[in-house]
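Here is the structure we will look at.
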Amino acid sequence: MISVSRFLSPQFYAIPRRSFVKMSASYTTQGVSQQGSSSMAIKPPSHPTYDLKAVIKLALAEDAGDTGDVTCMATIPFDMEVEAYFLAKEDGIVAGIALAEMIFQQVDPSLKVEWMRKDGDYVTKGLKFGKVSGNAHKIVVAERVVLNFMQRMSGIATLTKLMADAAYPACILETRKTAPGLRLVDKWAVVIGGGKNHRMGLFDMVMIKDNHISAAGGIVNAIKSVDEYLNQKNLDMDVEVETRTLEEVKEVLEYVSRSATRLTRIMLDNMVVPLENGDLDVTMLKDAVELINGRFETEASGNVTIETVHKIGQSGVTFISSGALTHSVKALDISLKIDTELALEVGRRTKRA
């Protein structure tokens, strides 16, 4: 088992209690395009139709329903002003700070948000790393939606950091195995954690997989059909083909040796074999990489875990893709508290802070 501390090596430095960084985020709603501020140091991946503002609106409406926060209305004076602090309740990589600002802005533009950390920074259990001040009612209304996004994104970023460090010199990629409606958010978290993005969807890259190959009548037929289609439509995009055996790799290489092709990457799927003793046999993967010999990018997939990714990364592949980054994420525990002293007291009692 690989320990978290082996790969998360934070640089500790003193920050005065009042040393906050003020940030603001601007964004458009059609085709994600953020600019300008320090909170956007790590921008989300681009998407031609994704409406981030609408996703936030849906999340807020999901929580408020058609009545609003009845508990807030019953217990908190509408004109009360407070400060609430973000607390890390476990160690990890924080992500979603820029998105949190967007949510607060959408709930109440007068809310003031300040941060002691930025997206991609390491936080430790018990650390106060941000503050929001303003109308208490609006802060509490936004609280759960902000935390739901931040906890999920921070969990993805934390695992990505572990996997990316272990995979080096290969680059770690996520897949399309994301939460429905949160594709861009999940992939943003991967970038914050130090990974790189695979294709955003079905529209921005050709990826010839097993079902395409079966329906096309073989791997060469599939690649040939893609080459013809892209030429006919005058489309310029990357093309990847999935191979499952060394014979398929050889078929691909034979085809491209005698034909012009748009192929840019070869996926080597399930070419690593877990052994009963817990080790991993990467012989087939290495053989495939040697056959390709740098003529195309290579991508290993299948049986990729935090325990196996290091050995896979030493095989010579360009990329390693892992669906677990987004489909099996464990949220990072973060809270937002008005009374931080009591929260920390409870945390110490329960060993959570």
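The values are calculated or read from the model by the stated rules, or taken from the named source; none is laboratory data. Here the structure is a predicted model, which means the values were calculated and not measured. So basically every Cβ, Gly included, is an ideal-geometry build from the backbone, and we count neighbours across all protein chains shown. Quick note on the areas: whole protein, heavy atoms, side chains included, nothing else; ligands and nucleic acids left out. Shrake-Rupley method; radii C 1.70, N 1.55, O 1.52, S 1.80 Å.
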Discussion item. So if I restrict to the alpha-carbon atoms in the range 217-295, what is the Rg, and what is Dmax, the biggest pairwise distance, in Å?
Written reply: 14.7, 52
Worksheet item: Roughly how many percent of the accessible protein surface of the chain is carbon and sulfur, given a 1.4 Å probe and a whole-percent answer?
Response: 51
Discussion item. Just to be sure I understand the rule: take each whole DSSP H helix in the chain, project its Cα atoms onto its long axis, keep it if the span is 24 Å or more and its mean Kyte-Doolittle hydropathy is at least -1.0. Which ones pass?
Written reply: 136-167
Worksheet item: At a probe radius of 1.4 Å, what is the per-residue accessible area of Tyr229, in Å² to the nearest 10?
Response: 120
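Can you pull a Stokes-Einstein diffusion coefficient for the chain at 25 °C (0.890 mPa s), Rh from Kirkwood over Cα pairs, as a whole number of µm²/s?
Working: Rh = 22.4 Å.
Translational D for this selection: 110 µm²/s.
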Discussion item. Can you tell me what share of the DSSP beta bridges in the chain is antiparallel? A percent to the nearest 5 is fine.
Written reply: 55
Response to the item:
Output ordering of 107-120, 50-63 (per-residue mean of other Cβ within 10 Å, highest first) is 107-120, 50-63
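With a 1.4 Å probe and every protein chain left in place, work out the accessible area per residue of the range 168-328 in Å², rounded to a whole number.
So the range 168-328 comes to 47 Å² accessible per residue, rounded to a whole number.
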Worksheet item: Using alpha-carbon pairs under 8 Å, 6+ residues apart, how would you state the relative contact order of the range 168-328 in percent?
Response: 29
Worksheet item: Cα-Cα over 21 Å: which of Lys112/Lys138; Lys131/Lys177; Lys286/Lys330; Lys187/Lys250; Lys161/Lys330?
Response: Lys131/Lys177; Lys286/Lys330; Lys187/Lys250
Response to the item:
Using alpha carbon centers only, the range 142-195 is separated from the range 317-351 by a whole-angstrom value of 12
Practice prompt. Could you grab the relative contact order for the chain? Cα pairs under 8 Å, six or more apart, rounded to a whole percent.
Written response: 20
Worksheet entry | Solvent-free Debye scattering, log10 I(q)/I(0), computed from the Cα coordinates of the range 168-328 at q = 0.11, 0.14, 0.15, 0.20 Å⁻¹ | -0.45, -0.73, -0.84, -1.35
Fill in: Cα extents of the range 253-351 along the three principal axes, largest first (Å)
71, 37, 18
Worksheet item: If we sort 241-247, 259-265 on the protection proxy, mean other Cβ atoms within 10 Å, highest first, what's the order?
Response: 241-247, 259-265
Worksheet entry | Principal axis dimensions, largest first and in whole angstrom, of the range 105-168 by Cα | 46, 19, 19
